[in-house]
Amino acid sequence: MVHKMVHVSLPPDNANYALEKLRTLLAEGQFGADGKLPTERMLSEVLGVGRRAIRRALEVLEAEGEVWRRQGSGTYVGPRPETIASGVDKLVAGTDFMEIMEVRLRIEPQLAQLAALRAKPSELVRMRELARKIRETEDADARELWDGALHRQIAQSARNQLFLTIFDVMNHVRQDEVWQSVRERARTGTAITMAYAQHEDIIDAIEARDPAMACEAMRRHLLMLQERLIRETSLDHILPEEKTAELSEQPGN
């Protein structure tokens with residue numbers, strides 16, 4: 001008597017399956033403009049495999065140069081940027097928001113200018129999508145993430161690898177928790193609505209293929225942010241009672 005073998009389909013929980021699925025996602029460009037992968041826990045839930053399998057698959061992909069990982073930050077698409085990896089953490093500790101804004105004001109308007117000349121239609125669609133995500137999210141961390149992704153997409157669309165490398169160093173510095181906290185506090189009242197409108201102005205200029213307008217729109221956006229940051233950090237030195245009175249006088253509060 002021949003017994004028919006029954007194969008029971010079990011939820012996949014092995015590194016080979018995870019590796020195959022991650023390779024597919026990488027090939028399809030599913031990880032967004034900032035190139036950051038979801039956490040191991042999220043990948044485990046999405047792919048239906050254990051975190052151990054995800055970890056092993058990522059180790060293989062990292063060895064192949066498909067991804068790279070920074071402790072405390074996450075996993076990113078592409079090979080590790082060895083030329084900028086060392087010393088960046090020291091920059092975070094040794095700089096302040098004024099230095100960051102000085103660099104941003106000298107780099108990002110030029111990146112927007114180049115993007116107006118070189119951005120692909122699909123990249124413009126992505127910019128619109130990221131701007132929409134910034135407007136719609138109510139979570140501060142998510143808003144910071146999407147904002148960084150939008151600015152990086154513009155930098156990426158400029159198609160200048162050296163500029164992009166410099167941007168990535170600067171972008172890493174602005175991911176510091178203290179910096180993010182100050183930025184979020186600066187997004188109050190009418191400032192946040194103005195920032196949303198300025199994002200659209202930048203994208204409109206890039207889409208219109210107007211380099212001068214794109215450059216100026218980005219410059220205005222960053223100058224407004226710089227002004228708000230100066231104002232917010234100045235308030236840190238005011239007594240609590242004075243600060244409360246000062247904030248109550250701001251438009252939109």
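Just so you know, all these numbers are worked out from the coordinates, no wet-lab data involved. For clarity, every value in this text was computed on a predicted model and none was experimentally measured. Cβ: placed from backbone, ideal geometry, glycine included. Neighbour counts: every protein chain shown.
Worth pointing out:
- Modelled spin-label separation between E64 and E99, with each label point placed 7 Å from Cα along the Cα-to-Cβ direction: 3.9 nm.
- Förster radius 22 Å - calculated FRET efficiency between K120 and Y196, Cβ distance, rounded to 0.05: 0.40
- Under the Debye formula (equal points on every Cα, no solvent term), log10 I(q)/I(0) of the range 15-80 at q = 0.14, 0.22 Å⁻¹: -0.33, -0.89
- Sorted ascending by nearby beta carbons within 10 Å, beginning with the fewest, E20, E129 become E20, E129.
- Estimated at 0.36 nm per residue, the fully extended path between R135 and R220 surpasses their Cα-Cα distance by 28.7 nm.
- Stretch gain in nm, segment I166-E45, where the contour uses 0.36 nm per residue and the Cα spacing is subtracted: 40.1 nm
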